[in-house]
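The values are calculated or read from the model by the stated rules, or taken from the named source; none is laboratory data. A quick note: this is a predicted structure, and the numbers were derived from the prediction, not measured. Cβ: placed from backbone, ideal geometry, glycine included. Neighbour counts: every protein chain shown.
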Amino acid sequence: MIYLDHNATSPVREEVVEQIIPYFREFSGNPSSVHNPGRAAQKGLDDARRKVAGLVDVHASQVIFTSGGTEANNLALMGVASKFDFKGRIITSTIEHPSVLQMCDLLESRGMQIVKIGVDEQGVVDLDSLEAAITPDTCLISIMHANNETGVVQPVADIANICRHRDVLFHSDTVQSVAKLPVTLANIGADMISLSAHKFGGPKGVGALIINNRLKFPGILLGGSQERGRRAGTENLPGIVGFGAAADLLIDGQKDYADFLFGLRNQLEEKLSNLVPELVIFGNNSERLANTTAVGIAGLDGETLVMHMDMAGFAISAGSACGSGRTKASHVLTAMGYDGAIGQSAVRISLGWDTKAADIDKFVMVFSRTVKQLQQMSAPLTMAV
Ligand code: PLP
């Protein structure tokens, strides 16, 4: 199987596995215990925290470990909302991950005003609408750095500037951009950013909210003093150690990794466009992550294409979802105006650390052949007379 679905999750890197295993065997204490095994566990936790902090260039005290990107996003939004007594306005975008959008729905049901800013056909948030939506009672703007479906990068530096001038807190979901772009809290210019280890070779079920230490708000998990009282519960130590190890692998190699991905993606897109001329690359004219290509071919069904590619030995994912027996374009493509046939045909190819140039060549060949077969199958039959 050739795995080209790194935006869903990236396989855990071997160096990371090796560092995790001792935390199941030798270092199995609880970091909160004062005895020797507890202190050894605490050391593992501290080391991992320093590595994650190093990746995004913050002090270790600014890292709140969570169960992943979803919890980090939930914590950022719920934390700020409770700080403001569930009053005021939160501005977000129509293309956010459901962990932001559904939390916004919950906060709206508790009385907050939620404004979702749209995007243009290239998938970029409209800055004029964003600025115009800010009211004196706006407490938070949450806009993702890079979109998980299209890879389109948002103008976070401009958004950070607007937030600074208007005295509004800024949260950015950087789950997909870490490792592919130089993400630090300062580069993004945000008060909070969300991370998830399994998107860049770490284990699943662990992530972090990185936070400006001046910002104080209540946690969403209560019942212990872990994470300086900001996230209660015994830490997922093996996961956190793996997160630290994956972060450490990136610290020196981030630029090379992005260049490597960029080369592969150019190879993929050039060859695909030549072999499938009717192919549309979503967000093609905007800045995109170096590893992500989302494409559509009007008339095909994205889920069917994914299934055929799976049978042929390639893992990619659909940018559409089947609901009530009918394939629908995703909320992201719908927001970009692709809610018709082209949106229903969307598939995402996302590359990562284990992708090879030869995999791309094999993929392109099989993909173009499969597209032709499906097009023939769906072409109207001409009746012989
Ligand atoms: N945010 C974005 C942009 C994502 O792509 C994902 C995962 O798909 C998440 C948040 C959620 O992260 P996790 O799977 O760690 O909960």
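Mind telling me which of the residues ARG39, ARG110, ARG89 ends up being over 30 Å from ALA335 (Cα atoms) and either among the basic types (Lys, Arg) or surrounded by fewer than 23 Cβ atoms within 10 Å (Cβ to Cβ) (or both)? Break it down into steps so the answer makes sense when it comes.
Details: ARG110 fails: over 30 Å from ALA335 (Cα atoms); ARG89 fails: over 30 Å from ALA335 (Cα atoms).
Within the list ARG39, ARG110, ARG89, the selection yields ARG39.
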Find all pairs meeting these conditions: Cβ atoms under 9 angstrom apart; at least six residues apart or on different chains; first residue within segment 119-135 and within 25 Å of SER330 (Cα to Cα); second residue among the aromatic types (Phe, Trp, Tyr) and at pLDDT 95 or above. GLU121/TYR338; GLN122/PHE282; GLY123/PHE282
Criterion: closer than 16 Å to GLY352 by Cβ and aliphatic (A, V, I, L, M) - qualifying residue of LEU275, LEU261: LEU261
Within segment 1-14, residues over 18 Å from SER196 (Cα atoms) and either within 16 Å of the ligand (Cβ to nearest atom) or surrounded by 13 or more Cβ atoms within 10 Å (Cβ to Cβ) (or both) come out as ILE2, TYR3, LEU4
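When only residues in segment 58-81 that are over 11 Å from SER194 (Cβ atoms) and of a type in the set (Val, Ile, Thr) count, which is farthest from the ligand (Cβ to nearest atom)? Break it down into steps so the answer makes sense when it comes.
Initially, segment 58-81 is screened for residues over 11 Å from SER194 (Cβ atoms), giving 58-63, 65, 67, 78-81.
Applying the additional criterion that residues be of a type in the set (Val, Ile, Thr) yields 58, 63, 80.
On the way: VAL58: 19, VAL63: 15, VAL80: 17 Å.
Ranking the candidates gives VAL58 first.
Among the listed residues LEU221, LEU209, identify the single one that is farther than 30 Å from ASN284 by Cβ, of a type outside the set (Lys, Arg), within 16 Å of the ligand (Cβ to nearest atom) and out of contact with any strand residue (DSSP E or B) (no Cβ under 6 Å at 6 or more places or on another chain).
Of LEU221, LEU209, the one residue that is farther than 30 Å from ASN284 by Cβ, of a type outside the set (Lys, Arg), within 16 Å of the ligand (Cβ to nearest atom) and out of contact with any strand residue (DSSP E or B) (no Cβ under 6 Å at 6 or more places or on another chain) is LEU221.
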Name the single residue, out of those in segment 82-125 being within 28 Å of PHE243 (Cα to Cα) and assigned to a helix (DSSP H, G or I), that is farthest from the ligand (Cβ to nearest atom). CYS104
Please work out if ILE141 is within 20 Å of VAL183 (Cα to Cα), in contact (Cβ under 8 Å) with a residue 12 or more places away in the chain, away from the ligand (no atom under 12 Å from the Cβ) and assigned to a strand (DSSP E or B). yes
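Residues checked against (1) farther than 30 Å from GLU14 by Cβ; (2) hydrophobic (A, V, I, L, M, F, W, C); (3) in contact with a Lys or Arg (Cβ under 8 Å, 6 or more places away or on another chain); (4) in contact (Cβ under 8 Å) with a residue 60 or more places away in the chain:
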| site | (1), (2), (3), (4) |
| --- | --- |
| VAL276 | yes, yes, no, yes |
| THR293 | no, no, yes, yes |
| GLY296 | yes, no, no, no |
| GLU303 | yes, no, no, no |
| HIS308 | yes, no, no, yes |
| GLY313 | no, no, no, yes |
| GLY319 | yes, no, yes, yes |
| ILE349 | no, yes, no, yes |
Do the conditions hold for ASN236, that is, is it within 14 Å of the ligand (Cβ to nearest atom), modelled with pLDDT of 95 or more and closer than 27 Å to ILE349 by Cα? no
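Every residue, every condition in (1) among the acidic types (Asp, Glu); (2) part of a loop (DSSP other than H, G, I, E, B), yes or no:
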| position | (1), (2) |
| --- | --- |
| PRO11 | no, yes |
| GLN19 | no, no |
| GLU26 | yes, yes |
| GLY38 | no, no |
| LYS43 | no, no |
| SER61 | no, no |
| ILE64 | no, no |
Looking at segment 160-173, which of its residues are free of Cβ contacts under 8 Å to residues at least 40 places away in the same chain and within 26 Å of GLY343 (Cβ to Cβ)? SER172
Scan segment 178-206 for residues that are within 10 Å of the ligand (Cβ to nearest atom) and assigned to a strand (DSSP E or B) and jot them down. SER194, LEU195, SER196
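Residues checked against (1) touching a helix residue (DSSP H, G or I) at 6+ places or on another chain (Cβ under 6 Å); (2) not β-branched (Val, Ile, Thr):
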position: SER99; (1), (2): yes, yes
position: GLU108; (1), (2): no, yes
position: LYS116; (1), (2): no, yes
position: VAL119; (1), (2): yes, no
position: GLN122; (1), (2): no, yes
position: GLU131; (1), (2): yes, yes
position: THR138; (1), (2): no, no
position: VAL156; (1), (2): yes, no
Residues located in segment 12-35, provided they are in contact (Cβ under 8 Å) with a residue 40 or more places away in the chain, of a type in the set (Ser, Thr, Tyr) and under 14 Å from GLY239 (Cα atoms): TYR23
